[in-house]
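Here is the structure we will look at, set down as structure tokens.
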Amino acid sequence: MAKAFIMITAEPSETEAIAARLRAMSGTVVYEVLGPFDFIVDLQADTSEELTSALRGNIRSIPGVSATLTCTVLEREDT
């Protein structure tokens, strides 16, 4: 399982439309936040390649998304 937190900056006039598109994506939990970002998305996929594809093809391409910052979660095995 691959997981990342994606912080998104949006054009103010597109916030509602962006929220709807993000929530329609599978594997997402979407938080609307106040501060330097407009959304934080908890994104999960089966592989890191699918995670990258969702970010590049589905999130960054949404009209009104002006910037993203991605933090990939590192999975550790207990030893």
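Compute the label zone of ASP46 within segment 1-15: residues whose backbone N is under 14 Å from the point 7 Å along Cα-to-Cβ.
Of the residues in segment 1-15, 1-2 have backbone N under 14 Å from the label point off ASP46.
What is the distance, in nm, between label points placed 7 Å from the Cα along the Cα-to-Cβ direction at SER26 and at ASN58?
Each label point lies 7 Å from its Cα, and together they span 0.8 nm.
Between the DSSP loop rule and a limit of at most 14 other Cβ atoms within 10 Å, which GluC sites (Glu not before Pro) in segment 37-79 are left?
Working: sites: GLU49, GLU50, GLU75, GLU77; in loops: GLU75, GLU77.
Sparse-neighbourhood loop GluC sites (Glu not before Pro): GLU75, GLU77.
Give the residue list of trypsin sites (Lys or Arg not before Pro) in the chain that are DSSP loop and have at most 15 other beta-carbon atoms within 10 angstrom.
Answer by residue number: ARG60, ARG76.
How far, in degrees from 0 to 90, does helix 15-24 lean away from the longest principal axis of the Cα atoms of the chain, to the nearest 10?
In the chain, helix 15-24 runs at an angle near 30 degrees to the longest axis.
Given the DSSP H assignment, sum -39500 (n - 2.57) over each helix run of at least 4 residues in the chain and divide by its residue total; what's the result at 222 nm in deg cm²/dmol, nearest 500?
Calculated at 222 nm, the ellipticity per residue is -5500 deg cm²/dmol.
Only the coordinates and a few stated rules stand behind these numbers; no lab work does. Computed from a prediction, not measured in an experiment: that's the story for all the values here. Backbone-built Cβ (ideal geometry, glycine too); neighbour counts: all protein chains shown.
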